[in-house]
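Student: Next up is a structure, given as structure tokens.
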Amino acid sequence: RTAVQALDFALALYANTGSRRISVRAGIHVGPLYIEEEDGFGLMVNYTARIVHLPPGAEIWVSNIAKSHIDEEKARRHINLEWVTHENIELKGFEGNHTMWSLVLESIYR
């Protein structure tokens, strides 16, 4: 329900997918959506789908607004996370350039 909860879930799944053959590529964004027959719809869903397709492999990327929510919460478990900024990203169907953030996962899972 929050960017922090989504990040915690993505980190846990990345750390243990249940199989070595499965890797995780996650995109996190926050915003309004509507639910119809247990499925989510709206611009937020489309924006997040664009984020998921940005990394070339198993990575966790977040939108600029999701990153600001994570920073605002200041969860102690996230203090040592290393982030890389990706600026001037164009997203199909969304005007302008966007800033995204990715986690340096090697620093977490050595």
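The values are calculated or read from the model by the stated rules, or taken from the named source; none is laboratory data. Quantities reported herein were computed from a predicted structural model and do not represent experimental measurements. Neighbour counts are summed over all protein chains in view; Cβ atoms, including those assigned to glycine, are modelled from backbone coordinates with ideal geometry. Just the protein is used for accessible areas: all its heavy atoms, side chains included, with ligands, DNA and RNA removed. Shrake-Rupley method; radii C 1.70, N 1.55, O 1.52, S 1.80 Å.
Student: What is the spin-label model distance, in nm, from Phe9 to Trp83 if the labels are put 7 Å beyond Cα along the C-beta direction?
Tutor: 2.0
Student: Keeping all protein chains in position, work out how much accessible area Tyr14 exposes to a 1.4 Å probe, and write it in Å² to the nearest 10.
Tutor: Tyr14 exposes around 60 Å² with every protein chain in place.
Student: Explain nothing, just compute: Karplus ³J(HN,Hα) = 6.51 cos²θ - 1.76 cosθ + 1.60, θ = phi - 60°, for every residue of segment 90-103 in order, whole Hz, x for Gly and Pro.
Tutor: So the J values, rounded to whole Hz, are 8, 10, 4, x, 10, 5, x, 9, 10, 9, 10, 10, 10, 8.
Student: Using DSSP to call loops (not H, G, I, E or B), can you name the GluC sites (Glu not before Pro) in segment 26-90 whose Cβ has at most 13 other Cβ atoms within 10 angstrom?
Tutor: Passing sites in segment 26-90 are Glu37, Glu38, Glu82.
Student: Report, in whole Å, the centroid distance computed from the Cα atoms of segment 53-100 and segment 8-27.
Tutor: 17
Student: Let me ask something additional. For segment 1-73, which whole-number percentage of the solvent-accessible area (1.4 Å probe, protein heavy atoms only) is attributable to carbon and sulfur atoms? Before the final figure, lay out each step's value.
Tutor: Working: 2450 of 4760 Å².
So the carbon and sulfur contribution to the accessible surface is 51 percent.
Student: What is the calculated FRET efficiency for Ser68 to Glu36, with r their C-beta to C-beta distance and R₀ = 22 Å, to the nearest 0.05?
Tutor: Efficiency at R0 = 22 Å is approximately 0.15.
Student: Whenever you get a sec, line up Ser68, Ser63 from highest to lowest accessible area (probe 1.4 Å, protein heavy atoms).
Tutor: These residues rank, largest area first, as Ser68, Ser63.
Student: Still on this model: Filter the trypsin sites (Lys or Arg not before Pro) in segment 18-72 down to the DSSP loop ones having no more than 14 other Cβ atoms within 10 Å, then list what survives.
Tutor: On the way: sites: Arg20, Arg21, Arg25, Arg50, Lys67; in loops: Arg20, Arg21, Arg25.
Hits after loop and neighbour filter: Arg20, Arg21.
Student: Turning to a different aspect of this structure: How long are the semi-axes of the ellipsoid equivalent to the chain, from square roots of 5 times the Cα gyration tensor eigenvalues, in whole Å, largest first?
Tutor: Details: eigenvalues 93, 58, 46 Å².
Output for the chain: semi-axes of 22, 17, 15 Å.
Student: Here is a follow-up. Mean-square fluctuation check for the chain, GNM, Cα pairs under 10 Å: which of Ala75, Ala58, Ala66 is largest?
Tutor: Between Ala75, Ala58, Ala66, it is Ala75 that shows the largest mean-square fluctuation.
Student: Could I ask something else about it? On average, how much accessible surface per residue is there in segment 1-82, in Å², for a 1.4 Å probe, leaving out ligands, DNA and RNA?
Tutor: 69
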